[in-house]
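Engineer: I'd like to ask some things about the structure below.
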Amino acid sequence: MFSVQNRNNNGPCFVTQFSSCASKMKHIMRSNWKIIHSDPLLREVFPDPPMTVFKRAPSIKDKLVKSFLPDTKERSWLHKDLWGTYKCGSCKHCESIIPCKTFLDLRTQKEYKTNGFINCNSEYVVYRLLCPCGCFYVGRTKRKLKERFSEHKYAIQTNNEDYPMAKHYREIHHSDPSSLKVQGIEVIKKTVRGGDRLKRLLQRETFWIWSFKAMEYPGLNEEIDYRPFL
């Protein structure tokens, strides 16, 4: 038998997977901690060096063995996965949907494939609002796309400047939302393992805001949130 002494450590914990470079990583962090202490504010927040905590790294078993069985049923051409953005055909917002299987980065003209099947009734969608003058806004919704799009149009009609596109339409297009279009970019599907679907939605929204540089004109996004990655 042996005893383990509890050691008080008020510093932050750095958690990472164990590897052959574990000791080198600890040495690098401790030897360069003086860089953190050179900043008076950070020195108060992190007075002590971090405590490095290693978790188990993936084994060969983890990489080769699946914890769930794939679907072995044969699928006919009728069940072939569809992808792209489509109109549902039964709502008043269909006229504002841009049907497409690909979409462009308006700055670089790089073409992207729409990730998944999206229509007016799709949930957990990252979308892009498009104005006829070339301005755009990247957003997301966990509700039906048509419900979120309806909110944007109502915000334009009521001059609600909490919505960037509404502010733009008030200044340029006389608060008439009839020309506003919406395009699905990506839908976040449920996975076999479950997981935090909303967090993945927030991460993908951040990715597309960053990819399109949507915080720079003609993009109308006013902020980008990196917290979903923490």
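The values are calculated or read from the model by the stated rules, or taken from the named source; none is laboratory data. Just so it is clear, the model here is predicted, and its values are computed rather than measured. A quick note on method: Cβ atoms are made from the backbone with ideal geometry, for glycine too, and the neighbour counts reach across all protein chains shown.
Engineer: Residue by residue through the stretch 23-68, note down the ones that are assigned to a helix (DSSP H, G or I) and within 31 Å of the chain's Cα centre (by Cα).
Structural biologist: Hits for the stretch 23-68 are MET25, MET29, ILE36, LEU41, LEU42, VAL45, ILE60, LYS61, ASP62, LYS63, LEU64.
Engineer: Identify the residue in the stretch 181-213 that is of a type in the set (A, V, I, L, M, F, W, C) and under 26 Å from CYS133 (Cβ atoms) and, among all such residues, is surrounded by the fewest Cβ atoms within 10 Å (Cβ to Cβ).
Structural biologist: Restricting to residues being of a type in the set (A, V, I, L, M, F, W, C) and under 26 Å from CYS133 (Cβ atoms), the top hit is TRP210.
Engineer: Within the stretch 186-224, how many residues are at negative phi and either small (Gly, Ala, Ser) or without any contact (Cβ under 8 Å) to a residue 12 or more places away in the chain (or both)? Break it down into steps so the answer makes sense when it comes.
Structural biologist: Initially, the stretch 186-224 is screened for residues at negative phi, giving 186-193, 196-212, 214-224.
So of that shortlist, the ones also either small (Gly, Ala, Ser) or without any contact (Cβ under 8 Å) to a residue 12 or more places away in the chain (or both) come out as 190-191, 196, 207, 211, 214-216, 219, 223.
Summing the residues that are at negative phi and either small (Gly, Ala, Ser) or without any contact (Cβ under 8 Å) to a residue 12 or more places away in the chain (or both) in the stretch 186-224 gives 10.
Engineer: Can you name every residue in the stretch 97-135 that is hydrophobic (A, V, I, L, M, F, W, C) and either surrounded by fewer than 16 Cβ atoms within 10 Å (Cβ to Cβ) or more than 17 Å from the chain's Cα centre (by Cα) (or both)?
Structural biologist: ILE97, ILE98, CYS100, PHE103, LEU104, LEU106, PHE117, CYS120, LEU130, CYS131, CYS133, CYS135
Engineer: Please go through the stretch 81-119 and pick out each residue that is in contact (Cβ under 8 Å) with a residue 40 or more places away in the chain and aromatic (Phe, Trp, Tyr).
Structural biologist: PHE103, TYR112, PHE117
Here is a yes/no grid of residues against (1) within 17 Å of GLY139 (Cβ to Cβ); (2) in contact with a strand residue (DSSP E or B) (Cβ under 8 Å, 6 or more places away or on another chain); (3) assigned to a helix (DSSP H, G or I):
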{"residue": "LYS153", "(1), (2), (3)": "yes, no, yes"}
{"residue": "ILE156", "(1), (2), (3)": "yes, no, yes"}
{"residue": "LYS167", "(1), (2), (3)": "yes, no, yes"}
{"residue": "ARG170", "(1), (2), (3)": "no, no, yes"}
{"residue": "VAL182", "(1), (2), (3)": "yes, yes, no"}
{"residue": "THR191", "(1), (2), (3)": "no, no, no"}
{"residue": "LYS199", "(1), (2), (3)": "yes, no, yes"}
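Engineer: Another question, if that's okay. Among the residues of the stretch 105-119, are any among the aliphatic types (A, V, I, L, M) and at pLDDT 90 or above?
Structural biologist: Yes; the residues of the stretch 105-119 include at least one that is among the aliphatic types (A, V, I, L, M) and at pLDDT 90 or above.
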